[in-house]
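Only the coordinates and a few stated rules stand behind these numbers; no lab work does. Every value quoted in this text rests on a predicted model; they were computed, and no experiment measured them. Cβ: placed from backbone, ideal geometry, glycine included. Neighbour counts: every protein chain shown.
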Amino acid sequence: MAVLNFDIKSVSLPSGDEAKAVFLSGSIDASTNQTFEGRLSDILSSGTNKVLLVLTNVKYINSTGLGTIVKCVDTFREQGGDIKLVGVPTKVIALFEMLGLLALFETYETIEEAVGSFDAAAAAAAAGVDEAKQSVQFPIQFKHPVSGMGLNVSQPGRFKDPRSGDYFSVSNDGTIEFYEMSKVRLVDVKVPADPAFAVGLKAMASSLANSQGVSASVTAEIERCVDEACSLIGRNATDATETCNFLMVAEKDKIQIGIVSYGQALNLQQNEPALQVIRQSVDEVKHQVLPTRGYLLTMIKRF
């Protein structure tokens with residue numbers, strides 16, 4: 001059974017308010033999620049609505065845990081506070097990027113930066129939204145992409161649809177993004193940067209595709225892209241001990257295969273021939289340098 005340990009400390013903000021720094025170590029998954037949410041709820045119930053969630057020593061977060069973080073951030077903001085994420089591991093940043101969740105969170109490298117952001121946010125709120133930076137006129141109205149129900153938003157920000165429970169963000173230019181965490185299936189595995197592990201990884205990707213009712217032809221294309229990616233990282237890895245994290249995410253209309261490398265396995269040029277081969281099997285390929293460290297290769301197959 002997974003373990004999640006808590007170390008909670010009080011932090012004084014420059015404004016004079018008190019925040020809680022919650023240092024976590026272990027995993028946030030089905031077995032620890034209820035305890036995790038309960039501890040954050042206790043903090044809010046005690047009268048503290050500002051939290052620094054320090055994730056440096058968190059080894060694993062599943063889709064349920066991600067959904068709970070989104071839910072708790074929303075709850076704290078409804079109470080006039082916020083949850084800032086500190087020291088987010090590279091693998092988790094990669095997962096946020098794949099799921100489009102970075103727009104919902106504020107992430108910081110250090111506690112000092114997160115502490116300062118609370119006062120910066122208060123000053124911005126007091127000054128109001130800079131209308132000169134807006135390219136659309138608020139309020140705006142739009143429809144939920146699935147239910148078709150109308151929504152009304154008075155300003156840019158991050159919100160929750162009270163009817164569907166889905167979270168969404170609206171940018172200054174009117175771009176709208178929805179997040180349906182309850183419908184995400186996630187596989188997370190760490191393997192050596194060795195093509196010998198392609199067989200097992202293809203089997204995992206195939207099982208994930210089958211769980212979504214994906215056709216045999218689409219599943220075969222997903223397996224091909226995993227196989228080619230494994231060959232690619234095997235050729236480029238310069239350290240025999242190098243490892244990669246494979247993040248396989250199934251959503252309602254697509255499967256994403258993300259590979260996180262901290263070494264040279266994914267230190268690629270955009271004209272890398274193997275990327276062109278992979279593009280023949282999937283709908284989209286993205287290669288990124290992550291904001292913390294390392295590289296992320298994301299392969300997206302829609303169905």
* What are the ³J(HN,Hα) values, in whole Hz, obtained from phi via the Karplus relation 6.51 cos²θ - 1.76 cosθ + 1.60 with θ = phi - 60°, for each residue of region 187-194 in sequence order, with x given for Gly and Pro? -> 10, 10, 9, 9, 9, x, 7, 9
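Which entries in the list Lys71/Lys254; Lys71/Lys202; Lys71/Lys91; Lys20/Lys252; Lys71/Lys286 go over 30 Å, if you measure between the two C-alpha atoms of each?
Lys71/Lys202; Lys20/Lys252
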* Relative to the Cα centre, what is the charge dipole magnitude of the chain, using +1 at the beta carbon of each Lys and Arg, -1 at the beta carbon of each Asp and Glu, and rounding to the nearest 20 debye? -> 560
* Using 14 Å as the cut-off for backbone N distance, which residues of region 141-164 belong to the label zone defined by a point 7 Å from the Cα of Glu177 along Cα→Cβ? -> 157-159
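Which loop trypsin sites (Lys or Arg not before Pro) in region 249-297, with loop taken from DSSP, have no more than 14 other Cβ atoms within 10 angstrom of their Cβ?
Details: sites: Lys252, Lys254, Arg279, Lys286, Arg293; in loops: Lys252, Arg293.
Qualifying residues, ordered by number: Lys252, Arg293.
Over the chain, calculate the relative contact order: mean separation of alpha carbon pairs under 8 Å at least 6 apart, over the residue count, as a percent.
Working: 531 pairs, mean separation 37.3, N = 303.
Once normalised by length, the contact order is 12 percent.
What's the magnitude of the charge dipole for region 184-302 around its Cα centre, counting Lys and Arg as +1 and Asp and Glu as -1 at the beta-carbon? Answer in Debye, nearest 20. Display every interim value, and only then the final one.
Values: 12 positive and 13 negative charges, 48 e Å.
The dipole magnitude comes to about 240 debye.
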* Using alpha carbons only, how many degrees (0 to 90, rounded to 10) separate the axis of helix 33-45 from the longest principal axis of the chain? -> 20
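Rounded if a/c is under 1.5, else prolate if a/b is larger than b/c, else oblate: which is region 184-302, with a ≥ b ≥ c the root eigenvalues of its Cα gyration tensor? Show your work: numbers first, answer last.
Values: a/c = 1.62, a/b = 1.52, b/c = 1.07.
It is prolate, given that a/c is not under 1.5 and a/b is the larger ratio.
What is the local net charge at Phe197, summed over the other residues whose Cβ is closer than 15 Å to its Cβ (Lys, Arg +1; Asp, Glu -1)?
Values: positive: Lys190, Lys202, Arg235; negative: Asp188, Asp194, Glu223, Asp227, Glu228, Glu242.
Charge balance near Phe197 sits at -3.
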